[in-house]
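Novice: I'd like to ask you about the structure that follows.
Bear in mind that the values in this text are calculations on the coordinates, not laboratory data. If you're wondering where the values come from, they're calculated on a predicted model, not measured in any experiment. Backbone-built Cβ (ideal geometry, glycine too); neighbour counts: all protein chains shown.
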Amino acid sequence: TLLMSREAWTRTLLDKVVSGQISSSLIPLESVEGMKLFGDEEISNLIDQVWSDADGQLDRPDEDTQRVRQILANDSISGDIFQGRQIYLARCAACHSLHNEGGAIGPELTGYQRDDMESLLLAITNPNAEIREGYENYIVRTTDGQALAGFIADKDEHVIVLRPVGGQPIVIDKGEILSMEAAGVSLMPAGLLNGLAQQELADLFTYLQSPQPLNLK
């Protein structure tokens, strides 16, 4: 989050990833989406060098939605709710909370209409299709040269509170803001389900649609 707060630092970080000095696996995909929000051509080119179609991480929401829909419609595959929880913790809990487990970067899922499979599937495979109110992302540029991306967690007449990818709120004095504009895209990465086998997808969605917490005693 610190390195992403200035475009020059972001370029330096990406240079290290491109050269292999830092493993791309250490950069969460939601952080990659946050870097894209700067709209900087050099940053975008560096991202494309690392997170390419060969890695299966480019946006293919329509294809992903159709593929997952077909798998979940297969009645011969029964989901394991306990295994699904483990996949949720690994892939979703950094940003979302479900049954009091997870982070607060994205919307809380417990009260979400998780029994509506089509809405749930669309929200995961195509996060830009519908961004929930209050989770619109903004680019805030400050007088000291920072470029911060995140959603507005709170504000009053003197300050705004920005929640970036890292989740730690940043308080910004309004007098230090040069510009603030809506990015129009979600920080949630597309391709979140990439790499999951059919059984793992069934497990994950079984857990995501669970009405109550598991008894893990």
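Novice: If I take every Cα pair under 8 Å that is 6 or more residues apart in the chain, average their sequence separation and divide by the length, what percent do I get for the relative contact order? All intermediate terms of the calculation are to be shown ahead of the outcome.
Specialist: Values: 337 pairs, mean separation 60.7, N = 217.
Value for the chain: 28 percent.
Novice: Going by alpha carbons, how many degrees (0 to 90, nearest 10) lie between the helix axis of 41-50 and the longest principal axis of the chain?
Specialist: With rounding to tens, the tilt is 30 degrees.
Novice: Could you compute Rg(Cα) / (2.2 N^0.38 Å) for the stretch 91-217, with N its residue count? Don't jump to the answer; show the numbers that get you there.
Specialist: Numbers: Rg = 16.9 Å, N = 127, 2.2 N^0.38 = 13.9 Å.
After normalising by residue count via 2.2 N^0.38 Å, the value is 1.22.
Novice: For helix 7-19, what angle does its Cα long axis make with the longest principal axis of the chain, in degrees from 0 to 90 and rounded to 10?
Specialist: 50 degrees
Novice: Straight-line reach from K174: which lysines fall under 29 Å, measuring Cα to Cα and dropping same-chain residues less than 8 apart?
Specialist: K36, K155
Novice: Still on this structure: Mind putting a number on the dipole of the stretch 80-149 about its Cα centre? Charges go on the C-beta only, +1 for Lys and Arg and -1 for Asp and Glu, and I need it in Debye to the nearest 20. Don't skip to the answer; put the middle values down first.
Specialist: Values: 5 positive and 10 negative charges, 49 e Å.
The dipole magnitude comes to about 240 debye.
Novice: Once you order the gyration tensor axes a ≥ b ≥ c over the Cα atoms, which shape class does the stretch 11-51 get: rounded for a/c under 1.5, otherwise prolate or oblate by comparing a/b with b/c? Before the final figure, lay out the partial values.
Specialist: Numbers: a/c = 2.02, a/b = 1.28, b/c = 1.58.
Oblate, since a/c reaches 1.5 and b/c is not below a/b.
Novice: In addition: Within 10 Å, count the other beta carbons around each residue, average over each peptide in 115-121, 191-197, 81-87, and list them highest first. Mind showing how you got there, number by number?
Specialist: On the way: 115-121: 13.7, 191-197: 15.4, 81-87: 17.4.
Averaged packing, sorted descending, gives the order 81-87, 191-197, 115-121.
Novice: At 0.36 nm per residue, minus the direct Cα-Cα distance, what do E42 and A73 gain on full extension? Give it in nm, one decimal, please.
Specialist: Details: separation 31, 0.36 × 31 = 11.16 nm, distance 4.21 nm.
Working it through step by step, the gained length comes to 7.0 nm.
Novice: Here is a follow-up. Quick one: angle between helix 198-208 and the longest Cα principal axis of the chain, in degrees between 0 and 90, rounded to 10, please.
Specialist: Around 80 degrees separate the two axes.
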